[in-house]
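Enquirer: Quick one: the structure is below, and I'll ask about it shortly.
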Amino acid sequence: MPDMNNDSEQITRVRRICHQLCYSSCVDEKRKGLHERLLCLRPHWSVSKKEEQFQMIDQGADVPFDISLPLPARDGRPDSDRGVKLFWERFRCQQCGGCCFTPGAGLFLEMEDFERIAERIGKKKLKAMCKFDRLLKAWTLVQPCPFYDMEKRRCQIYDIRPATCAKYPLHPPAKQLPYNLAVDAFCPAARQFAKDTLGWWVICENNWAGILRKLERD
């Protein structure tokens, strides 16, 4: 009987090595659209199971979960933000405002956020819009966000918005794919991004397979 623990450890090792060695080249290949050539060479689940994958992604509108993307997450290396950069190059916010007036979505204020916003509107006014979380020892904006203009459908302090808002819909990597970027499935633009980049996984899988073959030979 196969040792599932060893298999899992091997998969984790392969993905870790891939992240270390291929994070730059895989981003360049995805930016150039080279996955299209690979998809023509062999069958891939991103094509054969496209509708099924889309249905799973669309569940994010009602069920909270994160979607792992075929882009490398940032690590401690100075130039490891290539995946993040490509994400923001291609991501297109739909201006729905859901992340602004939905409970739990990006309303936590870092100290720098609080001071920056307070400098513009006044500390007293900002405190009236917030509540202090004694556990976190930080301020959080009351919900819905008082800076979101429902009529104009836009943030009134967009240029100085909190860091958590600026990073949204990016979330910390999922446990099962710790080396990949992850996004909040609640965001419709993030769901669309996940659909548009399903084919990019073929590049990741090609890299993983190549590394696994080399490890087995060694």
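The values are calculated or read from the model by the stated rules, or taken from the named source; none is laboratory data. Remember, it's a predicted structure, so these values are computed and weren't measured experimentally. All Cβ positions, even for glycine, are placed from backbone atoms using ideal geometry, and neighbour counts span all protein chains on display.
Enquirer: Closer than 18 Å to G199 by Cα, within 24 Å of the chain's Cα centre (by Cα) and surrounded by 13 or more Cβ atoms within 10 Å (Cβ to Cβ) - does that describe any residue in segment 92-107?
Expert: Kept after step one, since they are closer than 18 Å to G199 by Cα, are these residues of segment 92-107: none.
Checked segment 92-107: no residue is closer than 18 Å to G199 by Cα, within 24 Å of the chain's Cα centre (by Cα) and surrounded by 13 or more Cβ atoms within 10 Å (Cβ to Cβ).
Enquirer: Scan segment 138-157 residue by residue and report those that are over 18 Å from K125 (Cβ atoms) and either free of Cβ contacts under 8 Å to residues at least 24 places away in the same chain or in contact with a Phe, Trp or Tyr (Cβ under 6 Å, 6 or more places away or on another chain) (or both).
Expert: E151, K152
Enquirer: Please verify whether segment 123-139 includes one or more residues that are part of a helix (DSSP H, G or I), touching a strand residue (DSSP E or B) at 6+ places or on another chain (Cβ under 7 Å) and either surrounded by 15 or more Cβ atoms within 10 Å (Cβ to Cβ) or at pLDDT below 90 (or both). Reasoning before the result, please.
Expert: Looking only at segment 123-139, we keep the residues that are part of a helix (DSSP H, G or I), and these are 123-128.
From the residues that got through so far, the ones that are touching a strand residue (DSSP E or B) at 6+ places or on another chain (Cβ under 7 Å) too are none.
The answer is no, given that none of the residues of segment 123-139 is part of a helix (DSSP H, G or I), touching a strand residue (DSSP E or B) at 6+ places or on another chain (Cβ under 7 Å) and either surrounded by 15 or more Cβ atoms within 10 Å (Cβ to Cβ) or at pLDDT below 90 (or both).
Enquirer: Answer yes or no as to whether A185 is surrounded by 15 or more Cβ atoms within 10 Å (Cβ to Cβ) and in contact with a Phe, Trp or Tyr (Cβ under 6 Å, 6 or more places away or on another chain). So that I can check it myself, show each step before the final result.
Expert: Working: surrounded by 15 or more Cβ atoms within 10 Å (Cβ to Cβ): yes; in contact with a Phe, Trp or Tyr (Cβ under 6 Å, 6 or more places away or on another chain): yes.
Criteria met by A185.
Enquirer: Turning to a different aspect of this structure: If the requirement is being part of a strand (DSSP E or B) and within 30 Å of L41 (Cα to Cα), which of these qualifies: V183, V202? Even if it seems obvious, please write down each step before you answer.
Expert: Working: V202 fails: part of a strand (DSSP E or B).
Only one candidate qualifies: V183.
Enquirer: Are there any pairs, at least 6 apart or on different chains, whose C-beta atoms fall under 8 Å, with the first in segment 16-30 and farther than 11 Å from W208 by Cβ and the second among the aromatic types (F, W, Y) and part of a helix (DSSP H, G or I), and if so, which?
Expert: That search, which allows pairs on different chains as well, returns K30/W200.
Enquirer: Select from segment 35-64 the residues that are modelled with pLDDT of 95 or more and assigned to a loop (DSSP other than H, G, I, E, B) and write down the one among them that is nearest to A190 (Cα to Cα).
Expert: Among residues in segment 35-64 that are modelled with pLDDT of 95 or more and assigned to a loop (DSSP other than H, G, I, E, B), the one nearest to A190 (Cα to Cα) is K49.
Enquirer: Outside any helix (DSSP H, G or I) and surrounded by 10 or more Cβ atoms within 10 Å (Cβ to Cβ) - does that describe any residue in segment 4-25? Break it down into steps so the answer makes sense when it comes.
Expert: Step one: filter segment 4-25 for residues outside any helix (DSSP H, G or I), giving none.
Checked against the condition, which is being outside any helix (DSSP H, G or I) and surrounded by 10 or more Cβ atoms within 10 Å (Cβ to Cβ), segment 4-25 yields no hits at all.
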